[in-house]
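Contents: one structure, followed by commentary.
The values are calculated or read from the model by the stated rules, or taken from the named source; none is laboratory data. As the structure is a computational prediction, the values presented were derived from the model and not from experiment. Glycine also receives a Cβ, built like all others from the backbone with ideal geometry; neighbour counts cover every protein chain displayed. Remember, those area values only see protein heavy atoms, side chains included, never the ligands or the DNA or RNA. Shrake-Rupley method; radii C 1.70, N 1.55, O 1.52, S 1.80 Å.
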Amino acid sequence: MKKVLLIATGGTIASGYTEKGLAPKIAAEDFLQYVEDYKAFCQVEILQPFSLDSTNIYAKHWLKLAGLIEEQYARYDGFVICHGTDTMAFTAAALSYLIQNSRKPVVITGSQKPINLPVTDARTNLLDSLRFASDDRAHGVNIVFGGNAIAGTRAKKERSKSYNAFSSINYPNVAALCDGKTVFYIDDRDRVVGPAVFYHKLNEKVLLLKLMPGMDGSVLQRLFPYYDAVVIEAFGVGGLPEYGQVPFYAEIRRWTDAGKIVMMATQVTHEGSDMEVYKVGRIIKEDFQLMEAYDMTLEATVTKVMWALGQAEGGELSGKPKGLGQSNSPQEPEDFEQWESVGGQEHSGGCGLAERFRRLFYKTVNHDMLLYTPGSDGE
Ligand code: ASP
């Protein structure tokens, strides 16, 4: 019998009606009575670190959840996090970066309707999640919702009310769950070797800026003091407007000269960025060696920038990320071998912060990026 830890964090699945609208109020202990079939394949223990509408969940909570799983990792075969749907894709992406190389599944689920209503998607989603977390083929961080398992870096909430709220963007679903059966489309657990690796630092000073017609660089000028990185959601395959009192070009120079990260992405959901296609993109990319997110989701891009910046700034240098788990021959991520040779000193040797960031960002994690080709991006 598998042992699963259920971590409840609030969201609609746990919500009830209050005078001021739906808010989390159903205790996690009450969930299991609605999904009793789980007893056929797993034992469940419950933790409830907080109870929030996911609108109120951010980096502090992602670190808390990753820390909890790290603490409990050896005791369970799998983990299910119940979470509000609104920011679930951000949490799934963040946990994909904070918990890497895990042969044990970490499943995130929730629902569009509370679990105690007679007609609800919550019971199916929770039972499917417990089943997925107990499956020998499952590993790493995934969202299970609406009958699909979606890689944690590829999920996006595309519908605000329907039961099939989440889609997998630019990548196939990992599995489909129906009538108690799980069909794996991506069956690659054997490729996970070595221990799970947990990270403990995110740099939250990351701005996501959506371009709109008429915007010029003055917005970046004003926000310059407050952020270490900006992800720019450009139009189409990517580029920056050339007009305005304060051109973007001058502001990109200011940000990059100051050692800040400028990451280009697209506001188009499907198919990704490709800044070299148009002059409005290629010139600025080449002049500043701008990085781009290619086929990554915005949720994954933002959280990966937070994670990569946190690590590049020396997040784990005082204590290397802890590998936990299943192997006697721990395999450190290549980035850390390299950092050791830098001696933990920023801007020393041949590997400064920007270069360390670039290497971390362009390393594929949990299927997050397919379109980047090593060596093709100004390196
Ligand atoms: N506002 C809710 C939340 O994200 C929505 C949901 O759970 O579906 O917590």
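Residues in the stretch 211-235 that are of a type in the set (A, V, I, L, M, F, W, C), outside any loop (DSSP other than H, G, I, E, B) and open to solvent by 30 Å² or more (accessible area, probe 1.4 Å): Val219, Leu223, Phe224. Answer yes or no: is there a residue in the stretch 39-57 that is free of Cβ contacts under 8 Å to residues at least 24 places away in the same chain and within 16 Å of the ligand (Cβ to nearest atom). So far as the stretch 39-57 goes, yes, one or more of its residues are free of Cβ contacts under 8 Å to residues at least 24 places away in the same chain and within 16 Å of the ligand (Cβ to nearest atom).
Candidates are the residues of the stretch 236-295 that are of a type in the set (Asp, Glu) and in a helix (DSSP H, G or I); the one that is surrounded by the most Cβ atoms within 10 Å (Cβ to Cβ) is Glu251.
The set of residues from the stretch 150-178 being in contact with a strand residue (DSSP E or B) (Cβ under 6 Å, 6 or more places away or on another chain), free of Cβ contacts under 8 Å to residues at least 40 places away in the same chain and of a type in the set (Gly, Ala, Ser) comprises Ser167, Ser168, Ala176. Of all the residues in the stretch 109-142, those that are under 15 Å from Ala92 (Cα atoms), within 15 Å of the ligand (Cβ to nearest atom), out of contact with any Leu (no Cβ under 7 Å at 6 or more places or on another chain) and not in a loop (DSSP other than H, G, I, E, B) number 1.
Scan the stretch 74-94 for residues that are within 13 Å of the ligand (Cβ to nearest atom) and either without any contact (Cβ under 8 Å) to a residue 12 or more places away in the chain or out of contact with any Gly (no Cβ under 7 Å at 6 or more places or on another chain) (or both) and the total you get is 6.
Spot the failing condition for Ile69; the list is (1) open to solvent by 40 Å² or more (accessible area, probe 1.4 Å); (2) more than 16 Å from the ligand (Cβ to nearest atom); (3) not in a strand (DSSP E or B), and only one is missed. The number of the failed condition is (1).
Determine, yes or no, whether Lys181 is basic (Lys, Arg) and touching a residue at least 24 places away in the same chain (Cβ under 8 Å).
no
Filtering the stretch 1-38 to residues that are more than 16 Å from the ligand (Cβ to nearest atom), in a helix (DSSP H, G or I) and open to solvent by less than 30 Å² (accessible area, probe 1.4 Å) leaves Leu32, Tyr38.
All conditions in (1) at positive phi; (2) surrounded by fewer than 22 Cβ atoms within 10 Å (Cβ to Cβ); (3) out of contact with any Leu (no Cβ under 6 Å at 6 or more places or on another chain) hold for Lys181, with the sole exception of (1).
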